[in-house]
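Visitor: Can you keep this structure in mind? I'll have questions shortly.
Each value in this text was obtained by applying a stated rule to the coordinates, not by laboratory testing. Nothing here was measured: the structure is a model prediction, and the numbers come from that model. Note: ideal-geometry Cβ built from the backbone for every residue, glycine included; neighbour counts use all protein chains shown.
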Amino acid sequence: MSENIERTLVLVKPDGVRRGLSGEILRRIEAKGYTLVNLQLRAADDALLAAHYAEHEGKPFYAPLVDFMKSGPVLAAVVEGHRVIEGFRTLAGTTDPTAALPGTIRGDLGRDWGLQVQQNLVHGSDSPESAEREIGLWFPQA
Ligand code: RTP
Ligand code: MG
């Protein structure tokens, strides 16, 4: 394996699965040249979400975020490639889908629905430490 290869955790959030965008989102990841190395469609429970979003506990959007993430199945993916952590966040676009640039997942496919929390289709780990921690939470057996 070549040096500096990274893995990141990508989630297609419940809005993306519900809207039938899982395939389109995975297509963009593969078209960019990254590799899918693990995939699982699952319901996230409180314990998993509390661990995953521990950094946001206490923020005003925390409770609605957890409720949103429990509103339907989540597609979890481990994605591999050089600089994939930064690369996937570039593909995803900025957190607010109204501000996200066209050409990005959130910019092309997302919008504001007037709800309490940003429903922005995807999650991507934000650092190597986050990626390792999050992959361990979502794929504990791997
Ligand atoms: P993510 O963790 O999902 O990849 O997104 P991110 O880094 O761009 O955003 P982050 O600041 O980590 O926030 C996590 C998720 O919480 C929801 N959020 N809603 N004010 C709001 O309505 C608000 N702020 C954050 C979003 O779903 C965001 O992705
Ligand atoms: Mg984040």
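Visitor: Rounded, prolate or oblate: which fits the chain when a ≥ b ≥ c are the square roots of the eigenvalues of the alpha-carbon gyration tensor, with rounded for a/c under 1.5 and prolate only if a/b beats b/c?
Guide: It is oblate, given that a/c is not under 1.5 and a/b is not larger than b/c.
Visitor: Also, quick follow-up: Please list, in chain and number order, the residues 5+ apart from E6 or on another chain whose amide H is under 5 Å from its amide H, with Hs placed from the backbone.
Guide: HN-HN under 5 Å from E6: G81, H82, R83, V84.
Visitor: What percentage of all Cα-Cα pairs in region 28-83 are separated by more than 16 Å?
Guide: 54
Visitor: Here is a further query. Show me, for region 50-55, the HN-Hα J-couplings you get by feeding each phi into the Karplus relation (A = 6.51, B = -1.76, C = 1.60, θ = phi - 60°), rounded to Hz, glycine and proline as x.
Guide: With coefficients 6.51, -1.76 and 1.60, one gets 4, 6, 4, 9, 3, 5 Hz.
Visitor: Region 56-142: which trypsin sites (Lys or Arg not before Pro) are DSSP loop and have at most 14 other beta-carbon atoms within 10 angstrom?
Guide: Those that pass, being in a loop and sparsely packed, are R83, R111.
Visitor: Which far-off residues, 5 or more places away or on another chain, put their amide H under 5 Å from the one on V122, with H placed in the peptide plane?
Guide: Result for V122 returns K13.
Visitor: Still on this model: Could you give each residue of region 75-92 its phi-based ³J(HN,Hα) in whole Hz, using Karplus coefficients 6.51, -1.76, 1.60 with θ = phi - 60°, and x for Gly or Pro?
Guide: Result, ordered by residue: 9, 9, 9, 9, 10, 10, x, 5, 6, 5, 5, 5, x, 5, 5, 5, 4, 5 Hz.
Visitor: Then there's this: Treating cross-link reach as a plain straight distance, find the lysines whose alpha-carbon is under 28 Å from the alpha-carbon of K70, omitting any fewer than eight places away in the same chain.
Guide: K13, K59
Visitor: Over 10 Å intervals from 0, what percent of Cα-Cα pairs in region 1-65 sits in each interval?
Guide: 15, 40, 33, 12, 1
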